[in-house]
Amino acid sequence: MKILVVEDEHKIAHAIKKGLEQEAYIVDVCYDGTQGYDLAYSNEYDVIILDRMLPGMDGLALVKKLREENIHTPVLFLTARGQLEDKVEGLNSGSDDYLVKPFAFDELLARVRALTRRPKTPPQTILRVGDLTLSTTSFLVERGGVHISLSQKEFALLSYLLSHKNTILSKEQIISHVWNYDTNVLPNSVEVYVKHLRDKIDKPFPAKQLIKTIRGFGYKLEE
């Protein structure tokens, strides 16, 4: 197992490196965000341990840039910023775990081991078909670079359609995945919400209609 430690406090970085090497991990260390990004981009690591406040490029920017490059190496943030909003911001940036300084090395080691047990293929956070994109973390929907405002139910419906693009989905399938099981929903409700979506993501873009009605079967979001 190979781990990258990006930490500008040299004593902490060396202590982490020494402890992990005693557990038979291979460890690379660097002290600023720019070099950290270069190493993470050009090498394959099993886990990245990353300080949030770094010279050159801060931890949040580094993680976001890696995810944009489709690099999904698990990231554990180390930081002195332990407020709830800081943790939420860190996790929403694309990191996988968050450990507040000061910390016990045993806890760090346990979290590293947990991250290495996770599946290598992460869930998609950006769903896309054609020029339509949906972010499952920021809840932003755009088509052709134009922001589209959706209600909560419209967003859930579009997410489901995007997750199964080029697949015919029956009204019953849509109801079971988009509405709560104890909600009394009629098939007509699906028609109503599909129309709402069409009015927002298809009608303003007449050159290419994405939502197709497959008569007698259901709907399909098609590239």
Subject >> Dipole magnitude of segment 126-221 about its Cα centre (Cβ charges: Lys, Arg +1; Asp, Glu -1), debye to nearest 20 >> reply: 320
Original post:
When the Debye formula is applied to the Cα atoms of the chain, each taken as the same point scatterer, what base-10 log of I(q)/I(0) results at q = 0.09, 0.10, 0.15, 0.16 Å⁻¹?
Top reply: -0.50, -0.59, -0.93, -0.99
Subject >> Size of charge dipole - segment 1-40 - debye, nearest 20, with Cβ of Lys, Arg +1 and Asp, Glu -1, no other charges >> reply: 160
**OP:** For segment 2-116, count the residues as N, evaluate 2.2 N^0.38 Å, and divide the Cα radius of gyration by that value, please.
**Re:** 0.94
**OP:** Determine the alpha carbon to alpha carbon distance for each of Lys165/Lys203; Lys65/Lys203; Lys65/Lys195; Lys153/Lys212; Lys2/Lys64 and list only those over 28 Å.
**Re:** Lys65/Lys203; Lys65/Lys195
Original post:
Along the positive direction of the dipole of the chain (beta-carbon charges: Lys, Arg +1; Asp, Glu -1; about the Cα centre), which of Val75, Val29, Thr125 reaches farthest?
Top reply: Thr125
Subject >> the chain, dipole about Cα centre (Lys/Arg Cβ +1, Asp/Glu Cβ -1), debye to the nearest 20 >> reply: 940
**OP:** Sum -39500 (n - 2.57) across every DSSP H segment of at least 4 residues in the chain, then divide by the residue count to get the 222 nm mean residue ellipticity, nearest 500.
**Re:** -11500 deg cm²/dmol
Subject >> segment 157-167 - phi-based ³J(HN,Hα) in whole Hz, Karplus 6.51/-1.76/1.60, Gly and Pro as x >> reply: 5, 5, 4, 5, 4, 5, 5, 10, 4, 6, 10
Original post:
How do 199-209, 62-72 rank on mean C-beta neighbours within 10 Å, highest first?
Top reply: 62-72, 199-209
**OP:** Check each of the chymotrypsin sites (Phe, Trp or Tyr not before Pro) in segment 152-223 and keep only those in coil by DSSP with at most 12 other C-beta atoms within 10 angstrom; list them in order.
**Re:** Tyr181, Phe217
Original post:
Hey, how many Å between the Cα centroid of segment 145-177 and the Cα centroid of segment 1-75?
Top reply: 37
**OP:** For segment 98-223, list log₁₀ I(q)/I(0) at each q in 0.12 Å⁻¹, using the Debye formula over Cα point scatterers of equal strength and ignoring solvent, two decimals each.
**Re:** -0.56
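None of the figures in this text is laboratory data; all of them are computed from the coordinates on show. All figures in this text were calculated on a predicted structure; none of them were measured in a lab. So basically every Cβ, Gly included, is an ideal-geometry build from the backbone, and we count neighbours across all protein chains shown.
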